[in-house]
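Heads up, the thing below is written out as structure tokens.
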Amino acid sequence: MSNKPRILHVSAASRWGGGENHLLNLCQEMDSATHVVLCRKGSDLFNRLQLENIEVYSSPLFTKFDLRFVWKIIALCKKHQIDLVHIHDTTALTLSIMATYLSKKLPLYILSKKTSFPIKDRKRTLYKYNHEQIKKILCVSDITRQITSERVTDSSKLVTVYHGTRVPKQLKPEVDLRKIYQISEDALLVGTIANHIRAKNLETWISTIDHMVNKLGYTQFYFILIGSKTDRTANYLQKIKDKGLEKYCLFTGFIPDASALIPQFDISLMTSQSEGIPQFIYESFYYKVPVIATEVGGIPEIIENGINGLLSRPHDGASLANKLVLLSQDRSLQQKFTNISYQQLLENYTTERMAASTMAQYKEVLYGKNGTGS
């Protein structure tokens with residue numbers, strides 16, 4: 001083994017999200033390891049990594065059991081003499097476990113558990129999460145670790161490693177949101193970065209706007225949501241039309257490096273029904289934009305209600321709307337929230353800290369707790 005451990009990162013995701021941002025941050029921040037990435041052909045991650053100084057490969061993936069992807073894992077481990085495989089999502093886990101049936105010479109595995117979804121109580125699912133090849137499961141939050149422990153037999157494998165954001169940032173936005181979307185300078189801009197998936201619960205995002213406009217009569221807010229559209233989008237747009245909210249909100253679709261746009265928000269809003277911890281919240285902390293979010297997943301671990309942000313029950317658009325009104329009218333409260341959140345970010349939630357914690361887990365798997373390999 002070389003002085004720098006050789007890590008193969010395996011991702012089967014198609015769209016860009018927080019998990020893919022985490023993988024990129026690890027590769028960029030952790031120069032004490034050599035990184036190779038395997039991802040789905042044509043995925044957002046593959047397209048992005050080709051722009052970076054990162055060795056990236058792709059394979060077609062038409063089903064969760066595509067053997068071409070499995071053989072690629074085996075081939076890359078051999079070609080690059082990989083020391084450790086870091087698995088980044090549940091489909092990648094399935095494919096990596098399949099690889100153990102086809103090769104007996106694979107390195108050990110580390111799995112990142114980036115959501116708070118419980119592991120399903122199914123024989124095959126339990127088998128792959130408890131596979132002997134997996135030596136560590138890095139959980140994005142304490143609640144993720146707790147939920148995962150209900151289905152993983154050896155809880156000593158579970159470690160909480162919070163993700164984070166890169167500091168300092170040098171990205172400059174290429175888009176002026178108010179100008180390009182003709183949003184009034186007088187409007188309070190409430191921003192959300194989220195793909196149109198079930199976990200983000202955009203039904204509550206819409207009901208929040210509905211309550212704000214049609215129940216409370218506040219029309220000075222404008223809601224903008226940045227993220228990849230899906231087969232759910234048409235239904236969301238129809239609900240917005242039915243409620244007469246077209247003048248008060250907008251879906252932009254995917255925008256590269258969207259976090260650079262956060263300083264243009266007056267308030268950041270998350271309406272999720274399930275989360276690990278959203279990257280969007282970390283980045284709002286960095287840019288000193290106050291956050292209102294639902295108290296799901298690991299979010300209450302980084303936001304204390306009334307101390308550095310406001311939390312609401314999930315599925316409660318009325319509560320979120322009321323909190324938006326409260327926060328928008330209290331500049332001193334906004335300042336308090338952003339100052340505390342920014343300091344907490346610098347102390348606990350940077351990619352430098354995340355990379356160091358992850359490297360410590362790599363070393364423990366590779367060399368043992370005493371650093372001798374035993």
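The values are calculated or read from the model by the stated rules, or taken from the named source; none is laboratory data. Everything numeric in this text was worked out from a predicted model, so none of it was measured. Heads up, the Cβs are rebuilt from the backbone with ideal geometry, glycines too, and the neighbour counts pull from every protein chain shown. Ligands, DNA and RNA are excluded from the accessible area calculation, which covers all protein heavy atoms including side chains. Shrake-Rupley method; radii C 1.70, N 1.55, O 1.52, S 1.80 Å.
Quick notes on this structure:
- Enumeration of residues in the range 188-238 that are in a loop (DSSP other than H, G, I, E, B), at negative phi and either small (Gly, Ala, Ser) or touching a strand residue (DSSP E or B) at 6+ places or on another chain (Cβ under 8 Å) (or both): Ala194, His196, Gln220, Ser228, Lys229
- Scope the range 65-82; condition in contact (Cβ under 8 Å) with a residue 40 or more places away in the chain and open to solvent by 20 Å² or more (accessible area, probe 1.4 Å); matching residues: His80, Gln81
- Out of Ser58, Ser116, Ser14, one residue alone is assigned to a strand (DSSP E or B), open to solvent by 10 Å² or more (accessible area, probe 1.4 Å), among the polar types (S, T, N, Q) and within 30 Å of Arg198 (Cα to Cα). It is Ser58.
- In the range 349-372, the residue that is most open to solvent (accessible area, probe 1.4 Å) out of those that are over 19 Å from Thr34 (Cβ atoms) and at pLDDT below 95 is Lys369.
- Neighbours by Cβ (under 7 Å, 6+ apart or cross-chain): first from the range 19-38, on the phi < 0 side of the Ramachandran plot and of a type in the set (A, V, I, L, M, F, W, C); second assigned to a helix (DSSP H, G or I) and open to solvent by 10 Å² or more (accessible area, probe 1.4 Å): Leu24/Arg48; Met30/Met359; Ala33/Met359; Val37/Cys27; Leu38/Lys72
- Failed item in (1) under 24 Å from the mean Cα position of the chain (by Cα); (2) exposed (fewer than 15 other Cβ atoms within 10 Å of the Cβ), with Ile87 passing the rest: (2)
- The single residue among Gln335, Gln343, Gln273 that is touching a helix residue (DSSP H, G or I) at 6+ places or on another chain (Cβ under 8 Å), open to solvent by 20 Å² or more (accessible area, probe 1.4 Å) and either at pLDDT 95 or above or of a type outside the set (S, T, N, Q) (or both) turns out to be Gln273.
- Across the range 187-215, the number of residues qualifying as of a type outside the set (S, T, N, Q), closer than 20 Å to Ser284 by Cα and open to solvent by less than 10 Å² (accessible area, probe 1.4 Å) comes to 7.
- Against the numbered list (1) surrounded by 20 or more Cβ atoms within 10 Å (Cβ to Cβ); (2) modelled with pLDDT of 95 or more, Tyr218 comes up short only at (1).
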